[in-house]
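Undergrad: Okay, here's the structure, questions in a sec.
The values are calculated or read from the model by the stated rules, or taken from the named source; none is laboratory data. From a predicted model like this one, the values you see are computed outputs, not experimental measurements. Every residue, glycine among them, receives a Cβ derived from its backbone with ideal geometry; neighbour counts consider all protein chains shown. Quick note on the areas: whole protein, heavy atoms, side chains included, nothing else; ligands and nucleic acids left out. Shrake-Rupley method; radii C 1.70, N 1.55, O 1.52, S 1.80 Å.
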Amino acid sequence: MRPIETICVLSISLLLASIMGCLAEDSTGSLEGNPDIPKTMLPDGFELLAALPEMDSNVNMTDYITEFYGEKEIKPINISVGIYQWEAKEGGQPYDAKVTYIRLPDQEQALAAINNFRSQEDYADQIARGLKIFGNATINDHDALEIRHIQNSNSYKYIYLWNNLDLVVLVEGNNDKNQSLQLASATGL
């Protein structure tokens, strides 16, 4: 084999090896990507209406996380939102429920985002009135903040908020604690 042919074969081999290495890295998933929004195996009564930005890439995703901005600065890398409808049994009011994933640069910013969410003015006002709206929960072996979000004087919904390293998970359920916990568990996170 001539030296030029040997060089060409080696160059092609190196090129193929580097391409295969890149493909192997991509198949493991990007660090900037979010897990899939739960679409199947949902609790009774929940139906997926939209998974954003998957179903509509023109949506401004930062509009869905305004409650996470506050005193502590955050820089979201990736945002995903699942919007669900829950049909209440026996003529009850239907609820919209959401699952939101926010990927941040690191765990410190994830904790800052949770702190900002928890420090919302509405929650501070409710606590000042003596309402016990915060509690603890365990979801898929993670410690989570349980929030009884009061919507009006006689209606509330359960919200669960936790982080998994640099990923913040927010689940806005309905007025049924068990079903809201089931929706939170459906994330697998």
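Undergrad: Given a 1.4 Å probe and the protein chains all in place, what does the accessible area of Phe117 round to, in Å² to the nearest 10?
TA: 10 Å²
Undergrad: Also: When the chain is fully extended, how far beyond the present Cα-Cα distance does Gln85 get from Glu121, taking 0.36 nm per residue of separation?
TA: The Gln85-Glu121 span can extend by a further 10.3 nm.
Undergrad: In addition: Quote the FRET efficiency, to the nearest 0.05, computed for Met41 versus Arg129 with a Förster distance R0 of 35 Å and r equal to the Cβ-Cβ distance.
TA: Plugging the Cβ-Cβ distance into 1/(1 + (r/R0)^6) gives 0.35.
Undergrad: Could you give the length gained on full extension between Asp143 and Ala50, defined as 0.36 nm per residue of separation minus the Cα-Cα distance, in nm?
TA: 30.7 nm
Undergrad: Quickly work out the Ile77-to-Val59 label distance, labels modelled 7 Å from Cα along the C-beta direction, and quote it in nm with one decimal.
TA: 2.2 nm
Undergrad: Next up: Roll a 1.4 Å probe over the protein heavy atoms and report the accessible area of Lys72 in Å², nearest 10.
TA: 90 Å²
Undergrad: Determine the order of Leu131, Leu165 by accessible area, beginning with the largest, at a probe radius of 1.4 Å.
TA: Most to least solvent-accessible, the answer reads Leu165, Leu131.
Undergrad: Using only alpha carbon pairs under 8 Å that are at least six residues apart, calculate the relative contact order of the stretch 111-177 and give it in whole percent.
TA: 22 percent
Undergrad: Work out from phi, with θ = phi - 60° and the Karplus expression 6.51 cos²θ - 1.76 cosθ + 1.60, the ³J(HN,Hα) of each residue of the stretch 176-181, listed in order in whole Hz, and give x for Gly and Pro.
TA: Those phi angles translate into 9, 4, 4, 5, 5, 5 Hz.
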